[in-house]
Every structure is written in C-alpha cells, then in structure tokens.
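Presented below is the structure to which this report refers.
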Amino acid sequence: HTRAEFREWMKYIVEIIIDYKEHPEVYQVLIDREPGFIINNWNQTAPEEPDEFKDILKDIMSKVMPNMTHWQHPRFHAYFATGCSYPDILADTLISGFGNISFNWDSCPAYAEMEVIVMNWLGKVFGLPDQFLFTIPNPNKGKGGGAMQDSASDCVLVALITARDRYVKKFEGQRIQAMTENKENENPTKKTSPLEDREMLNNFTDRKEHHVELPYLVAYASKEAHSCLEKATKLTCVHLRVVDTNDNMEMTWGELKSAMEHDIEMNRIPIFVHVTTGTTATGAFDKLKDIGKGLRNYTALPHKKGLQKDFIERIMKEIWIHVDGAYGGSLWTLPTGRSDKTGYTGLVYADSVNINLHKIFLHSSSAGCIWTKNQKRLKQAMNVDPVYLKPADDRAIDFRNYGIPLTRRQRFMKAWFVLRMYGVKGMQAYISQLIKMSKHMRALLERNPYVELIGQLTYTVSCIRLNAKRNLTEEEEKQNQNGKTLARPEPIPEEERNQLTEELAAFINKTCLLAVTKAKPKGKTVVRISVSH
Ligand code: PLP
C-alpha cells in the first residue's frame, strides 16, 4: 500500500471516529440479537485475494457498528462506561503506528523510562503516599514503584502471587513449629498426599516450598469484592475466605478479624487481605483504615488451639494488604475524595493498590495500574532471567518483571496524552461533573415511590430495587413529571422483590434504549445504574 492511500484511509477513519464520538445516540444503545448472528452469516475463511479498503469499511459500518453495544452512548449506564477521549485515541494511534514492543529497557528505552514517569505522575494525581512511587534517578533502587497492566484482574493476580511468595520465603517451615497441637497429623514430611511429599517434590520442582505450604494459605475479601480475586485464588491455589459485610456493603475489621481468627485456630495462614475501595455492585468502600490499623497492631490472645501467639502476630504484621481501587481509586483525584470514608487515609497500611484508567479516567481500552511499596518483593515473585532478556545495565528498569506477559501492550502513552492534554485540573473537573450527574440521578430516583435505593452513593453508582407496583394514572404521571412525590403505591412483598427487580433489569435492556446491569449485593437483586462518562 502507498502512503497516499494510507493518508486517504486515515481521513475516513478520523471522520468516522468524530461522527461516532459526537453522535453515538444515532444508534440504539443495545441490540436485540441471537448469539451466532454474525458467526453464521460471514465468510468462514479469510480472502485469498486482497479486499478493497472501501469494502472492508462498508462491512464495518453496515454490519458491525449497528450491532455493537454502544459504550459511548449517553444512555449506557451498565458496567462502568469507558471514557473514550480524543487524547486517548491519539496516543493509541501513535503506539500502533510506531509498532514497538517493549518488555525490558533494552527493547525500547524511551518507553520504559516514560512508563516510570507516567506511573509517578498518576500516583501523584491519585495522591498515593510517596512510598508507592519510584525513586528518581534510580527507580530500581527505591522500595516503591508500579506498572501498567492489562486489567485490574492482572494487578490482583500479581499482588496475590507476591503475597504467596513473600509468606513462603519468610516463614517456610515455621508453621509446623508454631502449632500448639496436632503436630504429627500436620507434619508435611508425612506422606499423606503428593503435595506433602517432600521427597517427591524434590525430584521435579524448584518451587517445592510453595507446594508444601499451599494447602494452608488463605486470602480474605468481602462478599462484594470483584470476582477477579476469586479467579486469582483459583490460579494461585490459595484458599479464599469470603467475609460478610455490614449493611452498607462494606467489609469491617471486626468481621475480617473473626474470620481470620477462626482460620488461625485451624492452623491456617492468612497471607492476603483484599480491600475494595469502590465495589462493583454498589460502589461501597471497605473500611481500609480500620482494617490496616487492626492488622498492623494485632495482638493475639494465647490460643488453646491453633498457632502460637508470637507466630500469629508476626504473620499478621506481614500480611499483604492489597487495595482494589479499580473503580473507586479515581475518586482520590479530588482533594475532597481523600478521606477515611473512601479508604484514602488507610493507604498508609497497604502494600499494593490498583486503579483502572479505563473506568473513570478517560481511557477507552483496558489500562490497569498497580503500585506497591515493595517492588523488590513483587519482582522476586515474578522474576525470570534468561540470558537473552538480561539487561546490559542494572540501573535499567524491566517492566517484564512486574507482571505476567513478556510482550506488553503499551499504555503509558495514553495516560501521558490524557494527563498532558487535560491537566490535573481538567481531570478533577471531569470527575466532579460525574459526581454531580450521579447526585442528580440519585435525587430523581429518591423521589420515585416505586423503587428503593440500595447502598449509599459514595461516587457514581446507584442501585435500585422495585418495592411497589401499580400503573400510574395520567394525572399521577403528570405530577411525577413535575417532581412531586406521589403517595406510595401498592407495596411488593419482600419475597417477590428479587424476582420482579430481575425482570425489570431484563425488561429495560430488552428495550435496547437504556443499558443497565443486574447485581445482587447482600442477596438483594438490584438494577445497577452507573454514571461514568
Ligand atoms: N475490581 C473492581 C472493583 C471492578 O469493578 C472490576 C471491574 O469492573 C474489576 C476489579 C475487574 O477489572 P478488569 O476488567 O480491569 O479486570
């Protein structure tokens, strides 16, 4: 293809993007199709001969665009809408155009160094304590640092792998010594299962210590934590203990402590606490400050059963506290968002934190960020060092050792463009506007006598549950539009509310005019409405 052709095609693409961004509402927000509608109707093999650009584009415009879920649509209130912005698109285009792969410093020095800068910029924008940031001029030397990942799921997995590695390296073999009773039954040298058979493990793995300890390690999170933690525990073979929440859907220190103490009595080892600041369903913030303080100052009672007091205290102080701020972390951009309520003041106790830029931060596609106060631990857990990847200079930063993939999609450029083209003040104004819109929507819902609001509005998510039914008369409808509160119509019995609310969510989405998500915080089915762009 020639450069003249490319220039021409690019013009088309730019115009399509502008039209779409300015008027996504010309489409229905959702589509009503059966699975397979494309699979069964398109060529099953790639073309032998090249297709014309105009034909390809025609297919995209006629078959793909009308059948997308339109995340940029003004009535898209499902999940967390991605905030697709022009700076973000510009950066994505450049990155594709440059076509570089960067996994270590040598593979693309400028990218590696810019990611350090961007991670520190972002960390400061979110007001993270300095211990989470890279030290300049030698980012490898200091304790803190972070990296961009594909998603929050990757960040959580990396944090859990690090926690598991830290426990095993620090405490390997000590659990047995610390048990107050039943030592024989729990002796890992006893050949009760292949996992406990050290001799066998010696023959085939250099990670034997992990396998021996695995059956006893536990991660903790609230019932409202995102399912990515459950996946991470599956992948790491760490047990997951689900902790109940209070009525506001927040995990408290009291509930967490009793779950942990129960496990300690059973000789199990708490290694990881996953605290969500901004849950997916209701936007609740777990009590990070209380939890952090409680864990770091924990004094154990001498247990009759279970592990010895001093060992318990040592593992509780070392427990890895991870903060999932995938959604809620962006709220810390605002000085008013930095409080006990939003978990901000508890960050001093955390070991790692993740925030997604593709939720509320004007990034269109996945961009999860993780920061830790202990990058050495993280890299020890993730590090592999084949000769062909070794850096020539040990001051060089190697992002391949901060996560799972070697070849990484480059996201720093997006954040770099977004932050430079809007500035911190622009981002603060944008987030304040989202909150204002959410409050407005909440006020409308509060006046609606047919629904009950579930959960508090801390940020931009509201959940409603049907609590009454009756068709409005014309007169009543008029009053409703005038903003007057109506007399409460016929209440729905508690046992029918979940079912009817579920039907309401399905009905709304079936209309294809409004997109919402169904959720079930604390066993209550809700229609979840997010105002996130
Ligand atoms: N954590 C929270 C609180 C979330 O809301 C989500 C997604 O909505 C995730 C984690 C998972 O994010 P990702 O899709 O980036 O893996």
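The values are calculated or read from the model by the stated rules, or taken from the named source; none is laboratory data. Everything numeric in this text was worked out from a predicted model, so none of it was measured. Neighbour counts are summed over all protein chains in view; Cβ atoms, including those assigned to glycine, are modelled from backbone coordinates with ideal geometry.
Need the failing condition index for residue 83 against (1) within 16 Å of the ligand (Cβ to nearest atom); (2) at pLDDT 95 or above; (3) not acidic (Asp, Glu), just the number.
(2)
For the list (1) within 16 Å of the ligand (Cβ to nearest atom); (2) assigned to a helix (DSSP H, G or I), I need the number of the one condition that residue 423 fails.
Result: residue 423 fails condition (1) only.
Report yes if some residue within region 264-272 is within 16 Å of the ligand (Cβ to nearest atom) and not in a loop (DSSP other than H, G, I, E, B); otherwise report no.
Within region 264-272, one or more residues are within 16 Å of the ligand (Cβ to nearest atom) and not in a loop (DSSP other than H, G, I, E, B).
Tell me yes or no: at least one residue of region 12-21 is in contact (Cβ under 8 Å) with a residue 12 or more places away in the chain, among the hydrophobic types (A, V, I, L, M, F, W, C) and in a loop (DSSP other than H, G, I, E, B).
No - not one qualifying residue is present in region 12-21.
Looking at region 49-67, I want the residues that are in the same structural domain as residue 32 (by TED's automatic domain parsing) and among the polar types (S, T, N, Q) and have a partner that is surrounded by 12 or more Cβ atoms within 10 Å (Cβ to Cβ) and not in a helix (DSSP H, G or I) with Cβ atoms under 9 Å, at least 6 apart or on another chain. Which pairs are those?
67/31; 67/37
If you go through region 395-428 one residue at a time, how many are among the aliphatic types (A, V, I, L, M) and more than 23 Å from the chain's Cα centre (by Cα)?
Going through region 395-428 one residue at a time, the tally reaches 3.
Per-residue answers, yes or no, for (1) among the acidic types (Asp, Glu); (2) touching a strand residue (DSSP E or B) at 6+ places or on another chain (Cβ under 9 Å):
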position	(1), (2)
417	no, no
424	no, no
446	yes, yes
506	no, yes
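I need the full set of residues from region 130-161 which are part of a loop (DSSP other than H, G, I, E, B), more than 12 Å from the ligand (Cβ to nearest atom) and over 14 Å from residue 350 (Cα atoms), in order please.
134, 135, 136, 137, 138, 139, 140, 141, 142
Keeping to region 439-468, report how many residues are in contact with a Phe, Trp or Tyr (Cβ under 7 Å, 6 or more places away or on another chain) and either at pLDDT below 90 or of a type in the set (Val, Ile, Thr) (or both).
2
Could you tell me whether any residue of region 280-298 is hydrophobic (A, V, I, L, M, F, W, C), at pLDDT below 95 and in the same structural domain as residue 332 (by TED's automatic domain parsing)?
no
For the structure I just gave you, tell me whether residue 18 is in contact with a helix residue (DSSP H, G or I) (Cβ under 8 Å, 6 or more places away or on another chain), within 30 Å of residue 528 (Cα to Cα) and of a type outside the set (Ser, Thr, Tyr).
no
May I ask you to verify whether residue 123 is part of a helix (DSSP H, G or I) and over 26 Å from the mean Cα position of the chain (by Cα)?
Here the answer is no, as residue 123 does not meet what is asked.
Give the residue, chosen from 250, 230, that is crowded, with 24+ Cβ neighbours inside 10 Å and free of Cβ contacts under 8 Å to residues at least 40 places away in the same chain.
After ruling out the rest, the residue left standing is 250.
Applying the selection to region 359-404, what residues are touching a strand residue (DSSP E or B) at 6+ places or on another chain (Cβ under 9 Å) and either small (Gly, Ala, Ser) or on the phi > 0 side of the Ramachandran plot (or both)?
Passing the criteria: 366, 367, 368, 403.
Hey, does region 374-394 have a residue that's over 23 Å from residue 98 (Cβ atoms), crowded, with 22+ Cβ neighbours inside 10 Å and assigned by TED's automatic domain parsing to the domain that holds residue 332?
yes
What's the number of the condition residue 438 fails, among (1) polar (S, T, N, Q); (2) over 21 Å from residue 157 (Cβ atoms); (3) under 20 Å from the mean Cα position of the chain (by Cα)?
Status for residue 438: all satisfied but (3).
How many residues, within region 323-340, are part of a helix (DSSP H, G or I), buried (at least 17 other Cβ atoms within 10 Å of the Cβ) and among the hydroxyl-bearing types (Ser, Thr, Tyr)?
Number of matching residues: 2.
Taking region 210-227 as the region of interest, how many residues are within 16 Å of the ligand (Cβ to nearest atom) and surrounded by 22 or more Cβ atoms within 10 Å (Cβ to Cβ)?
The total comes to 6.
Looking at region 367-384 only, could you name the residues that are in contact with a Lys or Arg (Cβ under 8 Å, 6 or more places away or on another chain) and within 16 Å of the ligand (Cβ to nearest atom)?
Matches in region 367-384: 367 only.
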